[in-house]
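Student: My questions will all concern the structure given below.
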Amino acid sequence: MTLHSGMPASGELDLPALDAVAMSYAQRSGDDARRTAREELVRSAMPFAGRLARRYRGRGEPMDDLEQVARLGLLKAVDRFDPQRGAFTGFAAATIIGELRRHFRDRTWGVHVPRRMQELSIEVNRASTELTAKLRRSPTVPELAERLRVDEEDVLAALETAAAYTPLSLNMPARAESEAELGDLIGGSDVGLEAVDDRLTVASLLCRLPERERRILALRFYGNKTQTEIATELGISQMHVSRLLSRALAWLREAMLSDAPRQWQAGAGPVDHHEISVRRHDKGGTVRLDIAGEVDRDTAEPLRTALLEAVELAAGRPEPRDVAVSLSGVPIIDAAGVSALLAGYEAARAAGVRLRISGMQVYVRRTLRVAGLAPIMTAPHAA
């Protein structure tokens with residue numbers, strides 16, 4: 001609600017006359033008489049309050065707002081006036097100026113900063129004006145610090161704080177003759193940072209999965225292949241891929257929420273692998289093994305047994321003592337399967353038997369090469 005003076009500026013009383021009106025108000029008794037005297041004092045002091053408000057014009061605040069704040073301060077001074085503490089005009093001036101300064105401190109700063117820094121910023125600005133007039137140049141930070149008897153760091157902080165008084169609009173042009181706004185140059189929050197921990201956790205957990213499950217997850221989520229395409233590549237059914245994928249994802253979800261993830265349990269739940277088949281037959285004096293199916297920790301033992309038996313059989317024969325292993329029916333092999341092949345390789349070397357592996361698919365060939373079985377691998381065209 002806007003307060004109006006109710007009298008022209010030309011009717012302004014001088015300070016002694018205003019103090020006399022205030023004294024008359026303070027001496028009145030009775031509610032009606034005191035109310036009438038209060039209204040008379042407020043009307044008489046309104047020009048006085050307006051004059052104090054005009055001292056703060058030119059600081060970015062509308063004059064109407066400053067006059068409103070000054071009049072509110074006047075009302076507080078009238079209600080708190082005690083003639084035993086001194087003249088009314090001195091008390092009213094201190095109260096009104098305090099309200100004006102509080103308004104600038106609490107209402108005009110674009111960004112909230114501590115009160116101490118607000119006051120120091122004003123002192124730095126005043127000292128800078130005085131030193132500029134005295135030195136005929138802009139003062140340095142050490143000169144301002146010496147004048148105000150504060151640390152240089154505080155002066156620098158106050159200069160930065162001054163920029164918060166009227167912050168730049170994000171809608172202002174970023175540069176001349178450009179449609180880009182200042183807000184367009186400010187980066188937003190990087191949502192990818194929130195997923196860093198999860199990505200690192202998943203990466204470590206993937207290493208604890210068997211090779212088969214890791215490959216299926218990689219084909220599905222990194223290769224963007226369908227379950228049918230994965231089944232075709234691995235040589236298994238689409239339902240089998242679905243079971244393996246569901247089981248791996250369930251284990252990952254549980255492990256992500258646990259401080260101590262449980263070990264991957266092979267064979268838990270529904271049957272999630274095909275039994276391998278090992279066919280042995282002799283051809284031209286060579287013991288041949290045809291392996292079909294996925295070779296992992298659940299199915300590697302039959303392969304190891306078949307290899308050792310084939311090596312033992314070939315060792316008891318006259319030359320040539322050869323064992324030929326065909327892996328054309330093996331779509332995937334993990335560390336346990338490689339270990340079974342290495343056991344057969346070492347047994348063949350000890351018995352003087354020539355062991356050869358053929359028919360590897362691309363993924364299996366790469367795995368065996370890394371495992372150091374290249375010496376007993378035949379060329380792809382010989383598979």
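Student: Which of the peptides 12-24, 84-96, 335-347 is most tightly packed, and how do the rest follow, going by the mean number of other Cβ atoms within 10 Å of each residue?
Tutor: Answer by packing, highest mean first, reads 335-347, 84-96, 12-24.
Student: Which value, in debye to the nearest 20, gives the size of the charge dipole of region 283-338 about its Cα centre, when Lys and Arg are +1 and Asp and Glu are -1 at the Cβ? Could you put the intermediate results ahead of the total?
Tutor: Numbers: 6 positive and 10 negative charges, 56 e Å.
Roughly 260 debye, rounded to the nearest 20.
Student: Computed FRET efficiency, Cβ-Cβ of A94 and R57, R0 22 Å: what is it to the nearest 0.05?
Tutor: Efficiency computed from Cβ-Cβ geometry: 0.65.
Student: Each residue of region 191-200 in order: what ³J(HN,Hα) in whole Hz does its phi give by Karplus 6.51 cos²θ - 1.76 cosθ + 1.60, θ = phi - 60°, with x for Gly and Pro?
Tutor: Along region 191-200, the couplings run 5, x, 5, 5, 9, 4, 4, 5, 5, 5 Hz.
Student: Can you find, among A306, V323, A340, the residue sitting farthest towards the positive end of the charge dipole of region 294-362, where Lys and Arg contribute +1 and Asp and Glu -1 at Cβ?
Tutor: After comparing all options, I get V323.
Every number here is computed from the coordinates shown, using simple stated rules; none is lab data. This structure is a prediction, so every number in the text was calculated from the model and none was measured. So basically every Cβ, Gly included, is an ideal-geometry build from the backbone, and we count neighbours across all protein chains shown.
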